[in-house]
Structures are given as structure tokens and as C-alpha cells.
1. For the chain, find the longest principal axis of its Cα atoms and tell me its angle to the long axis of helix 13-35, 0 to 90°, nearest 10.
2. Hey, what angle do you get for helix 81-101 against the long axis of the chain, alpha-carbon based, 0 to 90 degrees rounded to 10?
3. Within the range 28-147, what whole-number % of the accessible surface is contributed by carbon and sulfur, with the 1.4 Å probe and all protein chains included in the calculation?
4. Considering the Cα trace of the range 13-156, what is its radius of gyration and what is Dmax, both in angstroms?
5. Students often forget the sequence filter, so: which aspartates and glutamates lie under 18 Å Cα-Cα from residue 155 once same-chain residues fewer than 8 apart are removed?
6. Calculate, for the chain, the solvent-accessible area per residue in square angstrom, rolling a 1.4 angstrom probe over the heavy atoms of the protein chains.
7. Hey, can you rank 48-57, 100-109 by average C-beta count inside 10 Å, highest first?
8. Equivalent ellipsoid semi-axes for the range 136-199, as square roots of 5 times the alpha carbon gyration tensor eigenvalues: give them largest first, rounded to whole Å.
Amino acid sequence: MPTTSTTTPPDLTAFLVAHKAMKAEYGRLADVAAAVDPADGDRVAAVEAHIAFMIKYLHHHHAPEDNDIWPALRLADPSAVAVLNRLEADHADIDVLLEQIGDRGRTPAQRAPILRELQARLADHLTLEEREAVPLIRRHLTQELLEEVHEKIMKSWDKPDLPFLFGIAVTYANKAETDHLLTTVPWFVRLLWRLVMRPTFNRRMRQVYGA
Ligand SMILES: [Fe+2]
Ligand SMILES: [Fe+2]
């Protein structure tokens with residue numbers, strides 16, 4: 001796996017936009033899960049679908065950190081071992097919460113406190129990651145490695161999830177980040193986003209969160 005000191009830091013726009021999304025979306029989802037009327041089948045189904053998506057969202061963010069990014073940093077900078085061990089341990093703790101959040105044997109309202117706990121755990125985890133690991137990524141990893149990882153992540157997503165993946169990014173990205181992210185995908189994906197994916201995402205968000 002190529003790791004080297006580089007003068008051009010890798011582009012972390014998508015990575016940091018995902019952090020912004022994770023810092024807010026689980027809390028928002030906790031509020032709606034606590035309030036949803038169990039007799040409103042369509043709304044419950046939409047909330048369940050969004051919970052399921054946001055569980056995948058976190059798994060698809062943690063897996064490349066654990067499998068690619070942290071190992072590359074361990075090689076590049078042995079002094080980072082303590083913080084990387086802590087970040088890995090956080091992921092394992094968060095996995096336990098994700099399993100409970102995905103348990104449809106409990107109503108959304110019963111899982112709302114776990115979504116809140118996840119939100120709080122993520123706030124600490126992401127703060128540590130941004131303070132300690134992001135500078136190491138910028139210092140030691142190449143754009144090529146990050147692109148390789150990004151490609152692997154994109155291949156691991158199921159196609160029907162893509163409207164929600166792009167939609168969550170656009171929800172939390174600022175204008176400059178959105179414009180930049182749109183330049184990183186092929187023209188036909190931009191077209192598909194406008195014509196198909198954005199309406200699909202907006203419809204789901206209206207079902208989950210209301211108008
Ligand atoms: Fe992260
Ligand atoms: Fe992480």
C-alpha cells in the first residue's frame with residue numbers, strides 16, 4: 001500500500017462532509033424516531049429505511065478507516081499507534097450501538113435513546129479523529145491512496161443506496177463543497193443526480209422528516 005510524505009495533501013472534502021453528516025443526522029433521526037406514530041405505517045417504513053441507510057453509512061465510513069487508512073498511518077508513523085488503537089476501539093463500541101439500532105424487534109421510539117447515545121459517542125470520536133488523525137492523513141497519505149480507497153468504497157455500495165449517499169452529502173456540504181464534489185463525478189452521474197437521485201432522496205426525506 002503506497003504511503004509517503006507528500007507536499008500536496010490529499011483531498012478530504014468527501015471524508016469531512018461525511019463527518020458533518022454523522023455529527024447531525026443521527027440526532028435528527030432520534031427525534032423523529034421518538035415521535036413517529038406507530039400506527040402510521042408509511043412513515044414508520046420510511047423512518048426504518050432511513051435508519052437502515054444511516055447504519056450502512058457508518059459501516060461504509062468505518063470499514064475503510066479500519067482496513068486501509070489506519071493501517072497505512074501505522075506504517076507511516078509508528079508514534080500514531082495509541083490514537084489509532086483508540087479510534088479502532090471506538091469503532092468497535094459504536095458497532096454494538098449500530099446492532100441495537102438495527103434491531104427491528106424494537107419500535108423506532110424504543111431505539112431513539114440508542115440513536116442519541118450514538119450521536120454523543122460520535123461527537124467525541126469525530127472530534128478526536130479530526131484533531132489527531134486528519135493531520136496525520138494530510139501529512140503522510142497520498143491523493144492516489146485516498147482515491148483508491150474512495151473507489152473501493154463506491155464499489156461496495158448497492159446502487160439503490162446511491163441517491164441517499166449523494167443526498168446526505170449535499171444536505172451537509174456547503175456550496176463550495178457541493179460544487180467541488182460534483183466535479184469529482186462523471187457528467188452522467190451529475191445528470192442522474194439532478195433527474196433521478198435528488199427527487200428520490202427528497203421524497204424519502206419528506207416522508208421521514210415531514211415537509
Ligand atoms: Fe472518519
Ligand atoms: Fe472513525
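The values are calculated or read from the model by the stated rules, or taken from the named source; none is laboratory data. In this text the structure is predicted, and so the values were computed from the model without any measurement. A quick note on method: Cβ atoms are made from the backbone with ideal geometry, for glycine too, and the neighbour counts reach across all protein chains shown. Just so you know, the surface numbers come from the protein's heavy atoms only, side chains and all, with ligands and any DNA or RNA stripped out. Shrake-Rupley method; radii C 1.70, N 1.55, O 1.52, S 1.80 Å.
1. 20
2. 10
3. C and S atoms contribute 53 percent here.
4. Rg and Dmax of the range 13-156, Cα atoms, are 16.6, 54 Å.
5. 65, 66, 68, 144, 147
6. 51
7. Details: 48-57: 19.2, 100-109: 14.6.
Ranking the peptides 48-57, 100-109 by packing returns 48-57, 100-109.
8. The three semi-axes for the range 136-199 are 23, 15, 11 Å.
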